[in-house]
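Worksheet for the structure shown next.
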Amino acid sequence: MRIFGLAGWSGSGKTTLLTALIPELVARGLTVSTIKHAHHEFDIDRPGKDSWRHREAGATEVMVASSRRWALMRELRGAPEAALDELVARMSPVDLLLVEGFKRHPHPKIEVHRPSVGQPLLYPDDPHIVAIASDEILSVPLPLLPLDEPAVIAGFMLAHRESG
């Protein structure tokens, strides 16, 4: 399964770009899945729901299933955070797995950079950054992609996928 990541500082537009890329890639005939890293505690469940009550009671894993979707929640209960490779192994095969975050993992990434956020580039400290998507012209020795043109970025990802 091919993995391509988006990395950047909070507020740079990673999620906005990702949600624009998915339909662009799907329209080109690819199956696409995503993994997003959350730096803070999050919960997809709601207090009082049966599945929440199962977890609160001590279940390690709780699966919620319907005729439209299923979701598996795993409580780490003090165990270390799962590595990206472990999470990828749990995913069903697709043509392209887009990863938001996990910037320390060695997979090809596009850095999403907005100078207005006031943070430095992650490149060149991350050798796995293969291009930069920005809303401003930057002087960098990597391909510079227009942040507001997901079709161009999708084309770059596919070309890089074929060459790699």
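The values are calculated or read from the model by the stated rules, or taken from the named source; none is laboratory data. Everything quoted here is computed from the prediction, not taken from an experiment. Methodologically, a virtual Cβ is constructed for each residue, glycine included, from the backbone with ideal geometry; neighbour enumeration extends over all protein chains shown.
Of all the listed residues (74, 90), the sole one being over 30 Å from residue 146 (Cα atoms), more than 18 Å from the chain's Cα centre (by Cα) and either at pLDDT 90 or above or of a type in the set (D, E, K, R) (or both) is 74. Return yes or no: is residue 12 within 16 Å of the chain's Cα centre (by Cα) and part of a loop (DSSP other than H, G, I, E, B)? Here the answer is yes, as residue 12 does meet what is asked. Counting only strands (runs of 3 or more DSSP E) that sit wholly inside the range 101-164, not one has at least 3 residues that are at pLDDT below 95. In the range 12-69, the residue that is surrounded by the fewest Cβ atoms within 10 Å (Cβ to Cβ) out of those that are touching a Phe, Trp or Tyr at 6+ places or on another chain (Cβ under 8 Å) and of a type in the set (A, V, I, L, M, F, W, C) is 63. Quick one: which of 72, 97 is surrounded by fewer than 17 Cβ atoms within 10 Å (Cβ to Cβ) and not in a loop (DSSP other than H, G, I, E, B)? Only one candidate passes the filter, namely 72.
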